[in-house]
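Enquirer: Dropping the structure in here first, questions after.
The values are calculated or read from the model by the stated rules, or taken from the named source; none is laboratory data. Please read all numbers here as calculations on a predicted model, not as lab measurements. Please note: Cβ atoms are built from the backbone with ideal geometry, for glycine as well, and neighbour counts cover all protein chains shown. Quick note on the areas: whole protein, heavy atoms, side chains included, nothing else; ligands and nucleic acids left out. Shrake-Rupley method; radii C 1.70, N 1.55, O 1.52, S 1.80 Å.
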Amino acid sequence: MRITVKLFASFREGRFKVESREIPSSSYLVGQLVADLELPVEKIGVLLVNGRHAVLEHRLEEGDVCALFPRIGGG
Amino acid sequence: MPEDLKAFLLSAAMGGLVDWQSYETARHLFGVSYPDIEQVVLEQGLFPKRYAAQRQFFQPEGQLKLCRARVAIVGCGGLGSCLVEMLARAGIGTLQIIDPDVFVESNLNRQFLCTADSLGRLKVEVAAERVARINPAVTVISLVEALNGENGVDLLAGMNVVVDALDSIPARRELGHVCRKMNLPLVHGAVAGWYGQVAVQRPSDDLVSRLYSHPGQPEMEMPPDNFSAGVAAVASLQVVLVVKVLLDVEPLPANGWFSFDLREVDLERIDF
């Protein structure tokens with residue numbers, strides 16, 4: 001199965017902006033993607049699958065677009 | 001408003017522009033404040049010479065709307081300093097600036113209101129002084145307060161637009177909640193190093209809480225990690241959004257925000 005992963009802000013560092021990614025067909029959760037990308041879970045600000053909020057337990061499907069943004073709090 | 005004032009301003013105008021000298025004379029002759037004079041100038045269809053360079057951009061109707069606007073700036077640090085400077089120069093009639101803090105040395109790298117002389121001084125007082133020097137036609141209300149869920153309604157009463165210039169996520173959540181309760185549009189902004197985000201939370205919306213919705217660790221106070229240009233870039237776009245909200249300039253995303261990546265030098269709109 002292929003999904004598209006879009007990373008934003010600091011999540012891009014050492015990784016990519018957008019990537020088409022092959023994932024196992026069954027039971028692949030967003031949380032697994034986060035772990036595979038070695039993204040710090042506690043720093044996630046917004047997590048979208050196909051433009052909608054998703055949780056780590058969300059099961060990804062063929063063609064999904066997953067976007068990950070770190071939380072930004074300074075000013 | 002004295003009829004004489006209107007007549008005076010009409011006679012003082014050259015090419016439809018009223019210069020600052022005329023404001024000073026009017027204030028002296030009629031005992032009217034600079035902010036009030038500015039409003040009369042614009043209502044008479046004249047234009048303050050100070051804003052001549054933005055007359056085509058804003059048009060007299062737009063400039064009058066800015067003059068009548070009451071904008072709250074919540075936080076007077078990095079983002080706040082930039083916001084105060086730009087909104088005052090644009091001619092926003094009333095700026096209500098809310099911050100409990102004083103300037104410290106480590107503010108000097110990015111808080112434009114901070115100078116060697118202002119170390120140890122209340123940020124909102126320094127802001128008021130700066131505005132008095134760059135545009136005395138702007139009314140500044142300085143509030144030495146930390147806005148929260150309890151005092152927010154009082155602190156933001158009477159405002160038209162609220163601008164987020166905070167430096168913590170919990171405080172932003174509270175601000176977003178208060179603005180939602182009060183049906184006030186909120187121009188959110190946040191910045192960390194190369195990265196930032198801005199958004200307009202529409203009245204009675206909860207966009208800000210959705211930007212910080214993902215459960216993570218309990219909020220930790222992160223030490224600041226910002227430099228001057230990153231802060232200024234985010235604040236500049238916030239000012240643009242404030243103006244667009246006040247002047248009703250589309251597009252204003254109803255359900256989205258702008259993500260800045262200054263390292264890649266790109267700015268992307270994201271819609272929920």
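Enquirer: For the range B:174-272, please list each of the strands (runs of 3 or more DSSP E) lying entirely inside it that holds at least 2 residues being surrounded by fewer than 14 Cβ atoms within 10 Å (Cβ to Cβ). Working first, answer last.
Expert: Working: elements: B:186-192, B:195-201, B:256-261, B:266-271.
Fully inside the range B:174-272 and qualifying: B:266-271.
Enquirer: Report yes if some residue within the range B:118-128 is outside the structural domain of B:GLU38 (by TED's automatic domain parsing), open to solvent by 10 Å² or more (accessible area, probe 1.4 Å), farther than 24 Å from B:PRO223 by Cα and not in a loop (DSSP other than H, G, I, E, B); otherwise report no.
Expert: Checked against the condition, which is being outside the structural domain of B:GLU38 (by TED's automatic domain parsing), open to solvent by 10 Å² or more (accessible area, probe 1.4 Å), farther than 24 Å from B:PRO223 by Cα and not in a loop (DSSP other than H, G, I, E, B), the range B:118-128 yields at least one hit.
Enquirer: Wholly within chain A, which strands (runs of 3 or more DSSP E) include no fewer than the required count, namely at least 3 residues that are on the phi < 0 side of the Ramachandran plot and within 9 Å of chain B (Cβ to nearest Cβ)?
Expert: Passing ranges, in order: A:44-49, A:65-70.
Enquirer: If a residue must be over 21 Å from B:VAL131 (Cβ atoms) and outside any helix (DSSP H, G or I), how many such residues does the range B:1-58 contain?
Expert: 11
Enquirer: Scan the range B:72-111 for residues that are in contact (Cβ under 8 Å) with a residue 40 or more places away in the chain and open to solvent by 50 Å² or more (accessible area, probe 1.4 Å) and report the count.
Expert: 5
Enquirer: Further question: Report yes if B:GLN96 is part of a strand (DSSP E or B) and either away from every other protein chain (no Cβ under 14 Å) or at pLDDT 95 or above (or both), otherwise no.
Expert: For B:GLN96, the condition - part of a strand (DSSP E or B) and either away from every other protein chain (no Cβ under 14 Å) or at pLDDT 95 or above (or both) - is met.
Enquirer: If you check B:SER204 against the conditions, is it more than 10 Å from every other protein chain (Cβ to nearest Cβ), under 17 Å from A:LEU47 (Cα atoms) and at pLDDT below 95?
Expert: no
Enquirer: From the residues in the range B:44-71 that are basic (Lys, Arg) and touching a residue at least 60 places away in the same chain (Cβ under 8 Å), which one is nearest to the other protein chains (Cβ to nearest Cβ)?
Expert: Among those residues, the one meeting the criterion is B:ARG70.
Enquirer: Now for a separate question. So which residues in the range B:129-150 are without any contact (Cβ under 8 Å) to a residue 40 or more places away in the chain and open to solvent by less than 30 Å² (accessible area, probe 1.4 Å), if there are any at all?
Expert: Hit for the range B:129-150 is B:GLY149, nothing else.
Enquirer: OK, next. For the structure I just gave you, tell me whether B:GLY196 is over 27 Å from B:CYS67 (Cβ atoms), within 14 Å of another protein chain (Cβ to nearest Cβ) and touching a helix residue (DSSP H, G or I) at 6+ places or on another chain (Cβ under 8 Å). Write out each step before concluding.
Expert: Values: over 27 Å from B:CYS67 (Cβ atoms): yes; within 14 Å of another protein chain (Cβ to nearest Cβ): yes; touching a helix residue (DSSP H, G or I) at 6+ places or on another chain (Cβ under 8 Å): yes.
Answer is yes for this residue.
Enquirer: Would you mind telling me which numbered condition in (1) within 20 Å of B:ALA171 (Cβ to Cβ); (2) away from chain A (no Cβ under 14 Å); (3) over 18 Å from the mean Cα position of the chain (by Cα) B:GLN21 fails?
Expert: Condition (1) is where B:GLN21 drops out.
Enquirer: For the range B:176-192, which positions are closer than 10 Å to B:VAL208 by Cβ and within 11 Å of chain A (Cβ to nearest Cβ)?
Expert: Within the range B:176-192, B:HIS188, B:ALA190 meet the criteria.
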